[in-house]
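The values are calculated or read from the model by the stated rules, or taken from the named source; none is laboratory data. Quick caveat: nothing in here was measured; it's all calculated off a predicted structure. A quick note on method: Cβ atoms are made from the backbone with ideal geometry, for glycine too, and the neighbour counts reach across all protein chains shown. When the accessible area is computed, the model is the full protein with side chains, heavy atoms only, and any ligands, DNA or RNA have been set aside. Shrake-Rupley method; radii C 1.70, N 1.55, O 1.52, S 1.80 Å.
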Amino acid sequence: MKTPLRSVLILAVGVLTSATFLLADEGMWMPQQIPELAARLRAMGFEGDPAAFADLTGQPMGAIVSLGGCTASFVSPEGLIVTNHHCAAGALQYNSTPERNLLVDGFLARTREEEISNGPGARVFVTTSVKEVTDAITGKIDPKLDDRRRYELVDRRIKDRVAACEQGGLRCRVEAFFGGLKYFEIAQLEIQDVRTVYAPAAGIGNFGGETDNWRWPRHTGDWSFFRAYVGRDGKPAPFAKDNVPYQPARWLKLQPAGVKEGDLVFVVGYPGRTERQQTYAEVQETTEWSFPRFIKTSEEQIAILEALGKSDPALQIKAAGRLRGLNNYLTNRRGMLEGLVQGGILVKKEQNEKELAAWIAADPVRQKQYGDVLPALAALQAESERTRERDAVLTSLFGASTLLNAAHTAYRLSLEKAKPNDLDREAEFQQRNWSRIREAQERAQRTLDPRIDRALLRWAMGYAAALPADQRISGLDKQAGLTPGMTKADAEHAIEACLERLFAGTKLAEKDVRLGLLGETTAQIGASEDPIVILALALDPLFQANRDAYKRRQGAASRLRPRYMQALLAKAGGLVAPDANSTLRVTFGTIKSKPGPDGIRWEAFTTLKGIEQKNTGQGEFDAPKRELAAIQALRSGQLKTPYLVPALGDVPVDFLSTVDTTGGNSGSPTLNGKGELVGLLFDGTYDTIASDFLYDPVNTRSIHADARYMLWVMSEVDGADRLIQEMGVGR
């Protein structure tokens, strides 16, 4: 019998066990849960209707969109979209050349005709419905099915649901919540023609760069504007010059009066992943192996890419996106590791699991229900760890080389295309994704360079050469002449000889060749004489073996994790938000300062004064001269602005709040209690990044770009008055 949604989302018995839990701003809530939080919101001063957040087609929820990695929102009836500057980096890179570097100089379309395509693969997703489908996915499964067959059955049921949902022309997916205890089907309108309208120069949009990344005080103007286009019939269509702006049913009103400390704010968006409901063994591996390895390998790749960029401005542009991503995640992972170790989160996770185990053991009924779960999950984790270094190296080989990955993708696509039924194909290679696979190869041409590919593949092969004898990647060993225990010098010589052969003989750097490969059969690809294609095929058996092992473990976990979550939720009691999983969520909190390190107080707002103080005129702190001139005009009284806040004595730039966010929330609109746009969420603070694993109810802060700074720059620095007027903001 289908459980009512209200009961589904409570999922536990009892009441909240502490006032701290009740008052903390923790929770990336499903929109459907917000009405359950009415009392909590009223205590924070909210006077609106919490039920409005459960209406995905109403105001403000109907205005919130996903960019497939970042969040954004409609801000005009003509499809104008606002998001973060760093979320526009890929589009700016795609349209940049050494002679016209939009990543540095920014971009402003003075007219609609000047708006530039974000390139193939750019998307805007508008969520239209969320439906519980747990019974359809996990109901009536024969408990005698082995783990692999159980995985395949659940996977096929998900594909069935997606196929039925997409018959209406939508893009759909089915996501697990609470470790697979519940499943929900998400339907989205998929807009395929996305264009860049405005992005400030890097000296505004990325002011402070990596030095200030995840730090406070912050002075970054992290915003940009896109526009969504559709065919003349109003339906989503690929880019075409005669497409017209999409007319959303809902858009956000921008409130130029802004906010002040103590105000309640909401952030609505698509947070990526949190791991608060992981087991201790999973968090332990992350702490002791995964993050340290990630930090080391990221530092090495950054050094390679930076050296290449110094040799050629064109390479610098091509490597910019990968570099920014590596640097961002490097800082993030360093902060998380510090929180896990020095902040004591790993120890707290261990203690929490011991308490859970004791709670289970204390009652015979609970022991019968959950007693086997923790040991079984730990055994699955231990199994995955046995070959983790080899498996990570294999992943890095495909990740390092765009050409090798393209060859492997084409081969896998040929295998899946040969299957007669789309439901039998791997999800990423179903027919619904064929155009996306092609678009990815088209887009890759703008960042692809054999010099980058070769340098990073050399780096990844070095790790493969160092693997112990019982964890070798035999396909690579045969192709490169590598053997266990060979000296580093001999391995480097063998790798260099292999790379010379690979890149001298391949034609995959040519876009038409890669696109042509996507249309070939398995036999045709298998007969290829391209050395990189041959290497991809040599690596595939291990890839497939790893995938099979993963499916079997996932099948086993699908029996265990829902019961693990039932135990966690039953012990906690009350309403609990599920871990983030890139689905639409609502979080709320207040604008709030806090004590910083060494007795320094973090004020809730930064201002233009900080830009003046930080600006050095070079590197990461190089504000545009026109902005500095506008600041001086403001100081001298020559320039009057409605965006100056008397209490601050200046124009606010960024602000802090207690909202609970993570990666994927970038670009999320920050709303006041009336649902009006007052800022854009773009970052967290370094000291509490590890809240992804265990929320810190006292110190957690998120960083927002203040809408008043955005309006000030648009009007007084960049001359984007046309867009201000389109958003309905008067001067």
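Of the residues making up segment 634-664, just one is open to solvent by 30 Å² or more (accessible area, probe 1.4 Å) and closer than 30 Å to L694 by Cβ, namely G663.
A quick yes/no check of all residues on (1) over 27 Å from K419 (Cβ atoms); (2) in contact with a Ser or Thr (Cβ under 9 Å, 6 or more places away or on another chain); (3) open to solvent by 10 Å² or more (accessible area, probe 1.4 Å):
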residue: A460; (1), (2), (3): yes, yes, no
residue: A464; (1), (2), (3): yes, yes, no
residue: P484; (1), (2), (3): yes, no, yes
residue: L518; (1), (2), (3): no, yes, yes
residue: I525; (1), (2), (3): no, yes, no
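Scoring E175 on the criteria (1) surrounded by fewer than 19 Cβ atoms within 10 Å (Cβ to Cβ); (2) at pLDDT 95 or above; (3) assigned to a helix (DSSP H, G or I) leaves a single failure, condition (3). Quick check, is S129 closer than 21 Å to P271 by Cβ and within 20 Å of the chain's Cα centre (by Cα)? Taking the combined requirement at face value, the residue does not satisfy it.
Would you mind finding the one in G168, G203 that is more than 21 Å from the chain's Cα centre (by Cα), open to solvent by 40 Å² or more (accessible area, probe 1.4 Å) and either without any contact (Cβ under 8 Å) to a residue 40 or more places away in the chain or closer than 20 Å to A707 by Cα (or both)? That would be G168, the only listed residue that is more than 21 Å from the chain's Cα centre (by Cα), open to solvent by 40 Å² or more (accessible area, probe 1.4 Å) and either without any contact (Cβ under 8 Å) to a residue 40 or more places away in the chain or closer than 20 Å to A707 by Cα (or both).
Quick grid of which residues meet (1) crowded, with 20+ Cβ neighbours inside 10 Å; (2) at pLDDT below 95; (3) of a type in the set (D, E):
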| site | (1), (2), (3) |
| --- | --- |
| V365 | no, no, no |
| P375 | no, no, no |
| E389 | no, no, yes |
| V393 | yes, no, no |
| T409 | yes, no, no |
| D422 | no, no, yes |
| R438 | no, no, no |
| R446 | no, yes, no |
| R451 | no, no, no |
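Of all residue pairs spaced 6 or more apart or on separate chains, those with beta-carbon atoms under 6 Å, a first member in segment 523-546 that is under 19 Å from P450 (Cα atoms) and a second member that is open to solvent by 30 Å² or more (accessible area, probe 1.4 Å) and among the small types (G, A, S) are P531/G505.
The set of residues in segment 216-236 that are among the small types (G, A, S), in contact with a Gly (Cβ under 9 Å, 6 or more places away or on another chain) and in a loop (DSSP other than H, G, I, E, B) contains only G221.
Counting only residues that are open to solvent by less than 90 Å² (accessible area, probe 1.4 Å), assigned to a loop (DSSP other than H, G, I, E, B) and farther than 18 Å from T57 by Cα, segment 237-260 holds 10 of them. Within segment 205-215, can one find any residue that is in contact with a Gly (Cβ under 7 Å, 6 or more places away or on another chain), assigned to a strand (DSSP E or B), under 21 Å from G90 (Cβ atoms) and among the small types (G, A, S)? The answer is no; no qualifying residue exists.
If we keep just the residues of segment 591-616 that are of a type in the set (G, A, S) and modelled with pLDDT under 95, which is farthest from D263 (Cα to Cα)? Going through the qualifying residues, I end up with G599.
Looking only at residues in segment 687-723 that are within 30 Å of L80 (Cβ to Cβ) and among the polar types (S, T, N, Q), which one is farthest from the chain's Cα centre (by Cα)? Lay out the reasoning, then the answer.
Going through segment 687-723, the residues within 30 Å of L80 (Cβ to Cβ) turn out to be 701-723.
So of that shortlist, the ones also among the polar types (S, T, N, Q) come out as 702, 715.
Working: S702: 16, S715: 31 Å.
Result: S715.
Before we move on, is Q369 open to solvent by 40 Å² or more (accessible area, probe 1.4 Å) and more than 26 Å from G309 (Cα to Cα)? Yes. Filtering T71, T57 for residues that are in contact with a strand residue (DSSP E or B) (Cβ under 7 Å, 6 or more places away or on another chain), closer than 30 Å to Q247 by Cβ, among the polar types (S, T, N, Q) and at pLDDT 95 or above leaves a single hit, T71.
If we keep just the residues of segment 468-481 that are outside any helix (DSSP H, G or I) and open to solvent by 10 Å² or more (accessible area, probe 1.4 Å), which is farthest from L535 (Cα to Cα)? Full working, then the answer.
Within segment 468-481, the subset outside any helix (DSSP H, G or I) is 468, 472-473, 481.
Within this subset, residues satisfying the condition of being open to solvent by 10 Å² or more (accessible area, probe 1.4 Å) are 468, 472, 481.
Working: P468: 21, R472: 15, G481: 12 Å.
Step by step, filter segment 468-481, then rank; the result is P468.
A residue that is touching a helix residue (DSSP H, G or I) at 6+ places or on another chain (Cβ under 6 Å) and more than 30 Å from R438 (Cβ to Cβ) occurs somewhere in segment 495-512.
The single condition among (1) crowded, with 17+ Cβ neighbours inside 10 Å; (2) at positive phi; (3) not in a helix (DSSP H, G or I) that K140 does not satisfy is (1). Within segment 107-137, being open to solvent by less than 20 Å² (accessible area, probe 1.4 Å), touching a helix residue (DSSP H, G or I) at 6+ places or on another chain (Cβ under 8 Å) and in a loop (DSSP other than H, G, I, E, B) holds for N118, G119, A122, V133. Among the residues making up segment 683-715, a single one is open to solvent by 10 Å² or more (accessible area, probe 1.4 Å), under 15 Å from K592 (Cα atoms) and of a type in the set (A, V, I, L, M, F, W, C): V698.
Between Q301, Q284, Q278, which is part of a loop (DSSP other than H, G, I, E, B) and touching a residue at least 60 places away in the same chain (Cβ under 8 Å)?
Working: Q301 fails: part of a loop (DSSP other than H, G, I, E, B); Q284 fails: part of a loop (DSSP other than H, G, I, E, B).
Of Q301, Q284, Q278, the one residue that is part of a loop (DSSP other than H, G, I, E, B) and touching a residue at least 60 places away in the same chain (Cβ under 8 Å) is Q278.
For segment 603-632, give me each residue that is assigned to a helix (DSSP H, G or I) and either in contact with a Phe, Trp or Tyr (Cβ under 8 Å, 6 or more places away or on another chain) or touching a residue at least 40 places away in the same chain (Cβ under 8 Å) (or both).
L608, K609, G610, I611, K614, R626, E627, A630 - these are the residues of segment 603-632 that are assigned to a helix (DSSP H, G or I) and either in contact with a Phe, Trp or Tyr (Cβ under 8 Å, 6 or more places away or on another chain) or touching a residue at least 40 places away in the same chain (Cβ under 8 Å) (or both).
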